[in-house]
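As structure tokens, the structure follows; a few thoughts come after it.
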Amino acid sequence: MDRSQSHPQATVSRPLPDQPNATPQQSEPATPLLAVLGRLTWMLFGPLAVVLSAITLVGKDKALLSLADAGYFTALAAMLLGRCVEFSSGHALTATGEPATTSHLRRYLIGAAAIGLGVWLLVKAAGSFGLLG
């Protein structure tokens, strides 16, 4: 019997210590533009527009609904819509950078809408009683 048949040699391919790992590292896929725009809207542009709109409500006419009110609610709706757009893109993140869940989305939508409505009511009430200028 031939020596190579009696003791078959198993060939094991091992990387040398100075070589990098054989498997290339996967890079994270780029975040879609729509998700980035949604994130910027709910985190930056939306809150800024809501605050500026609330400031314009101060000292305006005492009508229940005016053009300034429409601007305020449009800014608030854009902020909420931005969060929904980012979430539907599949790349939604929380403000701390963790992946967002439907619980995060629901909590944000309810909380931001409630706070936005509360701020509007306070500004309107304070304006009606002449407390804000």
Using θ = phi - 60° and Karplus 6.51 cos²θ - 1.76 cosθ + 1.60, couplings along region 85-92 (whole Hz; Gly, Pro as x): 5, 4, 5, 6, 6, x, 10, 6
LEU121 versus THR101: modelled label distance in nm, points set 7 Å from Cα along the beta carbon direction: 3.0
Residue by residue through region 74-80, which ³J(HN,Hα) values in whole Hz follow from phi under the Karplus form 6.51 cos²θ - 1.76 cosθ + 1.60 (θ = phi - 60°), with glycine and proline marked x? 5, 5, 5, 5, 5, 5, 5
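How do 65-73, 101-109 rank on mean C-beta neighbours within 10 Å, highest first? Each step should come with its number before you reach the end.
Values: 65-73: 15.3, 101-109: 13.4.
The most tightly packed comes first, giving 65-73, 101-109.
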Given H placed 1.01 Å from N in the peptide plane, which residues other than close sequence neighbours of LEU93 have an amide H under 5 Å from its amide H? ALA100
Run the numbers for LEU93 and LEU34: contour at 0.36 nm per residue of separation, minus the present Cα-Cα distance, in nm. 19.9 nm
Relative contact order for region 32-128 using alpha-carbon pairs under 8 Å, separation at least 6, rounded to a whole percent? 38
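Laboratory data are not the source of any read-out in this text; all were calculated from the coordinates shown. These numbers come from a predicted model, not from an experiment. Counting neighbours? That spans all protein chains shown, and the Cβs are built from the backbone with ideal geometry, glycine included.
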